[in-house]
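Data block below; observations after.
The values are calculated or read from the model by the stated rules, or taken from the named source; none is laboratory data. Computed from a prediction, not measured in an experiment: that's the story for all the values here. Because the Cβ atoms are built from the backbone with ideal geometry, glycine has one as well, and the counts that use them run over all protein chains shown. Quick note on the areas: whole protein, heavy atoms, side chains included, nothing else; ligands and nucleic acids left out. Shrake-Rupley method; radii C 1.70, N 1.55, O 1.52, S 1.80 Å.
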Amino acid sequence: MNEQQDIDDILARRAPVAARPDLAERIIHAAARAPRQPLGLFSPQGFMHEALSCFLIPRPALSLAACLLIGVTGGWMTATSQTVSYDESEMLNLVVINEEGWL
Amino acid sequence: MEDTDEGLMKRVQKGDHQAFSLLVRRHSERFYALSWRLLGNEAEAEDVVQDAFIKLWAQPALFRVDAGVRFTTWFYRVVSNMATDRLRGRKRWASPEAMDILPDPGKGADQALAERQTQALIEKAIHALPERQKLALTLCFYEGLSVREAGAVMEAGEKAVESLLMRAKAGLREELAKSGLVAPQEVRHERTARYR
């Protein structure tokens, strides 16, 4: 006998309880009373649905990790680019006008 | 006129209630069975199926007809997610003795009672499985889905589903062995090794 066969036989003994015979009709009647979300993009709800879906984050943890990585990389690059070299500071002295004593 | 599920869904998206009724009549029992196997309770299973179909009617755009996904695959996912949410919302699993398992009326009282107790043990063992294992088992064993189809429903690879199935059956064996319904794994291995 197959090793899995006894487990399969036991699983096969598990018969579901049948749904009440009017289940489908009850669902159909309940749905008829339910409000329906319009599909059109130009209806207010449809537009809002589309607009909101643009901002939905499908994987929040991944998005957060990506934001952190971009933030750290951006911050590190800004910190290095803000260091003014000697040549740059000489150039700045020429460009920036010393206004002391004008007023 | 297209009477495939996907064709009916196109009509549902245009507001055709007749098409919706056809879909419900065609699939309500199938999805009720899935829901019942996940929840083990008749009333809750019916609620989940009803809520899922009402959601389908209220927000038909959730199903993308042009995405190439079969309606049943997508709806299996909807129903199983809703059933899982309901399971998580429960404080604790209902006692298996209290579940709606009907004995076979053709059997005698003692036999029916024994059968009922066995069914309760099976239910308890199945519902003790982790959610994903239980879902994989339900989809592949009871719903007859292939491993690939179950993977599409569960958004998992075929290998992952196979692994879930193997672990589910091993878990069931372990649990059922405690009540003597099956031989424990170790003993069986020894027995098969002896005959090699």
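Calculate the mean, over all residues of peptide A:5-14, of how many other protein chain Cβ atoms lie within 10 angstrom of the residue's Cβ.
Values: counts 0, 6, 10, 2, 1, 11, 10, 2, 4, 10.
Shielding by partners across A:5-14 averages 6.
Rank by packing, highest mean first: peptides B:12-19, A:29-36, A:68-75, with packing defined as the count of other Cβ atoms within 10 Å averaged across residues. Present the calculation step by step, with values, prior to reporting the outcome.
On the way: B:12-19: 15.6, A:29-36: 12.5, A:68-75: 10.0.
The most tightly packed comes first, giving B:12-19, A:29-36, A:68-75.
What is the spin-label model distance, in nm, from A:Arg20 to B:Glu131 if the labels are put 7 Å beyond Cα along the C-beta direction?
It is 2.8 nm.
Out of the total accessible area of the stretch B:1-92 (probe 1.4 Å, heavy atoms of protein only), what percent is carbon and sulfur?
Numbers: 1910 of 4250 Å².
Here carbon and sulfur together make up 45 percent of the probe-accessible area.
Where does the charge balance sit around B:Phe141 when Lys and Arg score +1, Asp and Glu -1, over other residues with C-beta under 11 Å from its C-beta? Before the final figure, lay out the partial values.
Values: positive: A:Arg14, B:Arg37, B:Lys134, B:Lys169; negative: A:Asp8, B:Glu143.
Residues close to B:Phe141 contribute a combined charge of +2.
Once you average over the residues of B:37-45, how many Cβ atoms of partner chains fall within 10 Å of each Cβ?
2
Calculate, for A:Gln5 and B:Met166, the FRET efficiency according to 1/(1 + (r/R0)^6) with r their C-beta to C-beta distance and R0 22 Å; round to the nearest 0.05.
Working: r = 15 Å, r/R0 = 0.68.
Efficiency for this residue pair is about 0.90.
Quick one: 3J(HN,Hα) in Hz for the stretch A:19-29, Karplus 6.51/-1.76/1.60 with θ = phi - 60°, rounded, Gly and Pro as x.
Once θ is set to phi - 60°, the couplings for the stretch A:19-29 become 6, 5, x, 9, 4, 4, 5, 5, 5, 4, 5 Hz.
How much length is gained if the chain between B:Arg64 and B:Arg77 is pulled fully straight, taking 0.36 nm per residue apart and subtracting their Cα-Cα distance, in nm to one decimal?
3.3 nm
Using only protein heavy atoms and a 1.4 Å probe, how much accessible area in total is buried between A and B, to the nearest 100 Å²? If you can, show how the numbers build up before the last one.
Working: alone 10450 and 11890 Å², together 18690 Å².
Chains A and B together bury roughly 3700 Å² of accessible area.
Give me the inter-chain shielding for B:50-61: mean count of other chain Cβ atoms within 10 Å, whole number please. Walk me through the numbers before you get to the answer.
Details: counts 6, 2, 1, 8, 6, 2, 2, 9, 5, 5, 3, 7.
Rounded to a whole number, the mean comes out at 5.
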